[in-house]
Amino acid sequence: MRELESQRLDHLANPTPTERIARFDYQTAFVSSMHGMRDHRDYKAMVAIGKEAIPLILSVLQERPTWMALALDGITSQDIVKTAYLESQGNIGIMVERALQWGEREGHIAIRGDIERRRKGQELFDSAKGVLLQIPEARDTLAENSFGPRPEEQAFQAEFDQNGDRMRVSYERDDWDFIGISETITIENLSRWVEIDIPYTLKVGIGHDRFAKAGDLPKYVYFTVDGAPDDSLPAYNIFKEVLAGPLDINPATVIIDAQTA
């Protein structure tokens, strides 16, 4: 079936822009160089169409990956995906993500996630990270910037006493090859819930594509508090209230349960 479709597209005298992208995908499936893709007739045709081709290219990228994302650079004379392509050694997933992020910023496509929620998640993560940085052993784990070279998996857990309560702080980081990096911080009060006598757990996680730069908003976030729905305003407000302290950590009371893994 794929061979028949490829043959049909190959013999089209006046293909539509959509058919040009499909034909380009078939005929560049085994082309490994950026130069070879840019030399393809349908790449040149899409660049020649100009800015009118941008919505179509981004629409296709929302459905499936295509190397035609490279045409965005040719159309706009900007470095939208070239650096991502080179830094990721030709990883199409990273390139597509960069193209879609650009499309969101420029208003060509709808924002895929609530940007305000992503900002709030980053804010909570930074606040929770501030708690970890009060613990010397945790500072060693977090010594390097999130976007620098790090072990593929890292984990840290510590317990400490704070104002008569028993607290536990955990950090986990996973590097999923070229897919992305995820970091999660969990803060547990093992004694009580803020002003009522039940335990609580705060958890915040963020995810970036592997070649995100400092200052980029996370690709995704989540923050939860026991008893409040994921990403809800009550969860955000409770999280902020608990972290407003900040927590007073006495290093002498810290018990390290796990070091860098």
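The values are calculated or read from the model by the stated rules, or taken from the named source; none is laboratory data. The structure presented is a predicted model; accordingly, all values stated were derived computationally and were not measured. Reconstructed Cβ throughout: ideal geometry from the backbone, glycine too, with neighbour counts over all protein chains shown.
Annotation note: Cβ proximity below 9 Å between a residue of segment 57-71 that is in the same structural domain as Tyr43 (by TED's automatic domain parsing) and a residue that is modelled with pLDDT under 85 and among the aliphatic types (A, V, I, L, M) (sequence gap 6+ or interchain) occurs for Leu58/Ile109; Ser59/Ile109; Leu61/Ile109; Gln62/Ile109.
Checking Gln62, Gln101, Gln134, Gln122 one by one, the residue that is polar (S, T, N, Q) and not in a helix (DSSP H, G or I) is Gln134 and no other. Tell me which residues, restricted to segment 237-261, are in a loop (DSSP other than H, G, I, E, B) and either of a type in the set (Lys, Arg) or at pLDDT 75 or above (or both). Residue satisfying the conditions is Ala244 alone. Applying the set (1) under 21 Å from the mean Cα position of the chain (by Cα); (2) at pLDDT below 75 to Gly164 leaves exactly one unmet item: (1). Any residue at all in segment 30-38 that is within 27 Å of the chain's Cα centre (by Cα), modelled with pLDDT under 85 and either assigned by TED's automatic domain parsing to the domain that holds Asp216 or under 22 Å from Gly180 (Cβ atoms) (or both)? No, that holds for no residue.
Return a yes/no flag: does segment 79-89 have any residue that is among the aliphatic types (A, V, I, L, M), modelled with pLDDT of 95 or more and over 18 Å from the mean Cα position of the chain (by Cα). So far as segment 79-89 goes, no, none of its residues is among the aliphatic types (A, V, I, L, M), modelled with pLDDT of 95 or more and over 18 Å from the mean Cα position of the chain (by Cα). Tallying residues that are part of a loop (DSSP other than H, G, I, E, B) and either loosely packed, with under 12 Cβ neighbours inside 10 Å or among the small types (Gly, Ala, Ser) (or both) within segment 13-41 yields 7.
Matching residues to (1) without any contact (Cβ under 8 Å) to a residue 12 or more places away in the chain; (2) in contact with a Ser or Thr (Cβ under 7 Å, 6 or more places away or on another chain); (3) not β-branched (Val, Ile, Thr):
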residue: His11; (1), (2), (3): yes, no, yes
residue: Pro17; (1), (2), (3): no, no, yes
residue: Ile21; (1), (2), (3): no, yes, no
residue: Gln27; (1), (2), (3): no, no, yes
residue: Met37; (1), (2), (3): no, yes, yes
residue: His40; (1), (2), (3): no, yes, yes
residue: Met46; (1), (2), (3): no, no, yes
residue: Glu52; (1), (2), (3): yes, no, yes
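Give segment 167-199 a look and list any residue that's acidic (Asp, Glu), outside any loop (DSSP other than H, G, I, E, B) and modelled with pLDDT under 80, or say none. The answer is Asp174, Asp175.
Considering the conditions (1) within 21 Å of Ala212 (Cα to Cα); (2) touching a helix residue (DSSP H, G or I) at 6+ places or on another chain (Cβ under 8 Å), Ile21 is excluded by exactly one of them, (1).
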